[in-house]
């Protein structure tokens with residue numbers, strides 16, 4: 001479904017210093033996968049998620065979604081592909097305070113006027129346990145409830161893939177478990193999920209863990225390998241390499 005081949009992305013600081021956020025990244029994600037992108041802060045995991053979701057474009061490399069070559073698309077085609085393929089869930093919720101919960105969930109439909117969703121905003125709110133909060137404003141909700149609204153908003157366009165960037169980063173342990181249960185349920189129903197997290201316990205609940213360091217994938221549990229760096233003495237998959245990763 002998703003295939004990245006030798007993707008590179010470099011950012012520049014105000015002092016024009018270069019930062020390689022993605023370096024020779026190759027990754028294939030199949031339909032129905034639940035992938036956790038993990039690593040330390042600054043490892044490149046959020047950059048990779050943005051590249052996967054077409055929120056940013058690589059400097060070089062090949063990116064295909066199905067039969068579509070993403071890197072050759074113009075802005076209009078990219079916007080349509082992004083709207084049809086992905087649902088986004090962010091750490092800070094990004095709900096509009098002046099809109100009701102139901103209106104926030106339905107907001108993505110504004111950008112797809114011809115699309116007829118298979119479920120209404122209220123039906124989706126019911127699926128995340130918030131059918132009685134549709135007329136509330138976001139500031140009347142707890143953090144966990146706000147994130148459930150954000151998940152409902154991500155689902156309104158019936159996306160094939162859910163991209164979640166630290167979806168429990170602002171939540172307590174109880175709300176974290178509730179959100180993870182919702183994500184796991186979505187995956188079991190057939191949705192492809194890609195989740196960024198720095199928490200190894202959260203990552204372990206995904207079916208596949210991809211670990212990043214300095215803009216590179218250093219470990220992929222689907223391949224059961226650890227990438228050797230210059231000077232390493234341990235073979236791929238060795239115990240020491242796993243601990244160092």
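Throughout, read-outs are computed from the coordinates displayed, never taken from laboratory work. Bear in mind that the values here come from a model prediction, so they are computed numbers and not experimental data. Counting neighbours? That spans all protein chains shown, and the Cβs are built from the backbone with ideal geometry, glycine included.
Side notes on the structure shown:
- Nearest-ten-degree value, helix 173-188 long axis tilted from longest Cα axis of the chain: 90 degrees
- Taking max minus min of the alpha-carbon positions on each principal axis, the chain gives extents of 60, 42, 39 Å, largest first.
- Here the spin labels are modelled as points 7 Å beyond Cα on the Cα-Cβ line, and at residue 103 and residue 177 they lie 3.6 nm apart.
- Taking the C-alpha atoms of the range 1-48, convex hull volume expressed per residue in Å³: 74 Å³
- Peptides ranked, highest mean first, by Cβ atoms within 10 Å: ranges 114-121, 137-144: 137-144, 114-121
- Helix 75-85 axis versus longest C-alpha principal axis of the chain: approximately 80°, rounded to the nearest ten.
- Unit Cα scatterers, Debye sum, the range 112-225: log10 I(q)/I(0) for q = 0.10, 0.16, 0.22 Å⁻¹: -0.35, -0.81, -1.30
- Among 188, 45, 146, 223, the order by Cβ neighbours within 10 angstrom, fewest to most, reads 188, 223, 146, 45.
- Helix axis angle, 143-155 relative to the chain longest principal axis, alpha carbon, degrees: 90 degrees
- Most fluctuating residue given options 151, 162, 179, as computed from a GNM of the chain linking Cα atoms under 10 Å: 179
- CD proxy at 222 nm, helix term only [per DSSP H run n ≥ 4: -39500 (n - 2.57); per residue of the chain; nearest 500]: -8500 deg cm²/dmol
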